Amino acid sequence: MVELPAVLKTARDFLSTLTEAQAVKRSRYMGSMERLRGESITSNYLLARQVAHVYYHIADITAVRASLGHQVSDFPGPLAATLAADKEI
């Protein structure tokens, strides 16, 4: 099983190479969201959507595990608190 610190390090290593020009680069959205399809969006927006998507699924998995009687912490917790805690790892 991959440990969270290793995943965070990999993400940080990749993101540290992202330039401002790359972050604000626009591209045509061709994903599954009808309302956005064909719109011009930035790489920053795509990254934020991915983070929100993963966060949602972690919360969903946590809720299902809790309903099955598994011991779970307050994970992932409020997004702002989660992001602040990441700086401490």
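The values are calculated or read from the model by the stated rules, or taken from the named source; none is laboratory data. What you see is a predicted model; the values in this text were computed from it and never measured. Heads up, the Cβs are rebuilt from the backbone with ideal geometry, glycines too, and the neighbour counts pull from every protein chain shown.
Count, please, the residues in the range 58-74 that happen to be more than 21 Å from ARG12 (Cα to Cα), part of a helix (DSSP H, G or I), modelled with pLDDT under 90 and of a type in the set (A, V, I, L, M).
Summing the residues that are more than 21 Å from ARG12 (Cα to Cα), part of a helix (DSSP H, G or I), modelled with pLDDT under 90 and of a type in the set (A, V, I, L, M) in the range 58-74 gives 4.
Suppose the filter is surrounded by 13 or more Cβ atoms within 10 Å (Cβ to Cβ), assigned to a loop (DSSP other than H, G, I, E, B) and at pLDDT 85 or above; does LEU36 pass it?
Yes, satisfied.
Quickly run through the range 1-34 and pick out the residues that are closer than 20 Å to HIS53 by Cβ and of a type in the set (Gly, Ala, Ser).
Correct list: ALA11, ALA23, SER27, GLY31, SER32.
A quick yes/no check of all residues on (1) closer than 23 Å to LEU4 by Cα; (2) touching a residue at least 12 places away in the same chain (Cβ under 8 Å); (3) of a type in the set (D, E, K, R); (4) in contact with a His (Cβ under 7 Å, 6 or more places away or on another chain):
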{"site": "GLU34", "(1), (2), (3), (4)": "no, no, yes, no"}
{"site": "GLU39", "(1), (2), (3), (4)": "no, no, yes, no"}
{"site": "THR42", "(1), (2), (3), (4)": "no, yes, no, no"}
{"site": "ARG49", "(1), (2), (3), (4)": "yes, no, yes, no"}
{"site": "TYR55", "(1), (2), (3), (4)": "yes, yes, no, no"}
{"site": "ILE58", "(1), (2), (3), (4)": "yes, yes, no, no"}
{"site": "ILE61", "(1), (2), (3), (4)": "yes, no, no, no"}
{"site": "ARG65", "(1), (2), (3), (4)": "yes, no, yes, no"}
{"site": "LEU68", "(1), (2), (3), (4)": "no, no, no, no"}
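Among what's in the range 1-26 and is in contact with a helix residue (DSSP H, G or I) (Cβ under 7 Å, 6 or more places away or on another chain) and in a helix (DSSP H, G or I), pick the residue that is surrounded by the most Cβ atoms within 10 Å (Cβ to Cβ).
Filtering the range 1-26 for residues that are in contact with a helix residue (DSSP H, G or I) (Cβ under 7 Å, 6 or more places away or on another chain) and in a helix (DSSP H, G or I), the one surrounded by the most Cβ atoms within 10 Å (Cβ to Cβ) comes out as ALA23.
Taking the options TYR29, TYR55, name whichever one is touching a Leu at 6+ places or on another chain (Cβ under 8 Å), at pLDDT below 90 and surrounded by 11 or more Cβ atoms within 10 Å (Cβ to Cβ). Can you show your working first?
Working: TYR29 fails: at pLDDT below 90.
Answer to the selection: TYR55.
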